[in-house]
Structures are given as C-alpha cells and as structure tokens.
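The values are calculated or read from the model by the stated rules, or taken from the named source; none is laboratory data. Everything numeric here is computed off the predicted structure, so don't read it as measured data. Neighbour counts run over all protein chains shown; Cβ positions are idealised from the backbone, glycine included. To get the accessible areas, we keep the full protein, side chains included, count just its heavy atoms, and leave off ligands, DNA and RNA. Shrake-Rupley method; radii C 1.70, N 1.55, O 1.52, S 1.80 Å.
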Amino acid sequence: FSNVKIQRITNSITRKTQDENVAVNLYRISELASFITDTNLEIKKNYFPKLFKFRKLYSPESIYKHFTAWEYALCEKAFFDFVETEKDEHLDKLIAIIYRPKKWFSLIRKISKKYSGDIRQEYSENYLQKRIKRISKLSFKIKWIIFRWFAYQREIIITAHSYTFKGKKSEKKTDIGVIWMDTILAMSQVGEEDKTAKTKLSIILRRIEND
C-alpha cells in the first residue's frame, strides 16, 4: 500500500469512534507499514488524552509547550530504548512519563491567569513504577497509538529546532536521552541543576539556539 492510501485510511476514522475501536483500526494501518520505523505514518491527534476510568492519568496537549527539559530527556531515552529493543517495558515507561494524575483543584487552576494549560501533576520519580505497572495492563494497540503520537510530536520539535538537533542524529540512538541530560546539566549553574531540569522544554531549546 502507498503512503497516500495509508493516510486515506487514517483520515476515514471518525471522531465518534470509541477508544478501543480507534486503537484497533489504527493498529491495522500499522500492519501495512513498518510499525515502528515508518516516519510517514503520522498520528497527529492524541486519541487518548486520558487513560483509565478510575484514577485517571492525563497527557499534555503539547509536548513542546508543556514538557520540562528533564521530562523530554527521559522520554527520548525510553523512546529509543523501545525502538532499539521493541520491549514493552520501555514503551510502558515512555507512556508513564507522559501520563500523570491531574493537579489538585484543577478546575480552579484553569481560571487562573497563571494556568499553563497543563493539568498534570509535576513529574516525580516516586510514583513512576506504579504508573508503569498500571500502563503495562493496557492494550498494546492503545500504547502503540500513543507511541506514534509522541513520535509525531517529537518530529515537530526536531523540525522547528533543526539547528539544535543537527549532529545528534549521528550519535547512537540509545545515547540521545543521555546527551540531553548532559546538555541540561551543562547549561545549569552550580546548585541549580534541578531548576534547569524543570524549565520548560521550549525555553531550553530557545536558550540553546541563542548561545
């Protein structure tokens, strides 16, 4: 099948389709292409902005706008670990980093002038393993769609900041997350590593390009 036909099948899926049916249909598309490496298979919409009926986990609307630099570094490593090994444990970790419970009093926060648009709680390693365990029980089809959505989001970032990402492609894929972590530490003043890590990804990328 051509990429054009694959795209037509993707566009034929209606917004009203139930989550699991969306997953099944999109996963079938993946069988027409290389399910991990085909960059032409784009899933631009996040069909799963929240996971689970109880104790819900939420994704950000935008990786670029709402991710911190550290979150992105961790996701890059998990992303390429999964690409290299195709082991579910890395995919589960990627999704567990992206999805988190919403902040307390989120409805009140939304009307605040300081509201960033991200309802998720701040990232913490303390609860990561618990989220990984929950996410491991999801259908692989759903996890695959989230993976493809993240892949599309990161391509947008790479395209917008091609100068920053130039040269990183020559490195081993599994090392890219580590490179990002080293970059964050290198940009930090002594004693302010945590502050830099919690800075929004968009700010860090602009700072790198202006240096």
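Take the conditions (1) touching a strand residue (DSSP E or B) at 6+ places or on another chain (Cβ under 7 Å); (2) more than 17 Å from N126 (Cβ to Cβ); (3) open to solvent by 10 Å² or more (accessible area, probe 1.4 Å); P60 misses just one of them, which is (3). Scanning the stretch 129-154 for residues that are in contact (Cβ under 8 Å) with a residue 24 or more places away in the chain, in a helix (DSSP H, G or I) and either in contact with a Lys or Arg (Cβ under 6 Å, 6 or more places away or on another chain) or within 18 Å of K50 (Cβ to Cβ) (or both) yields a total of 16.
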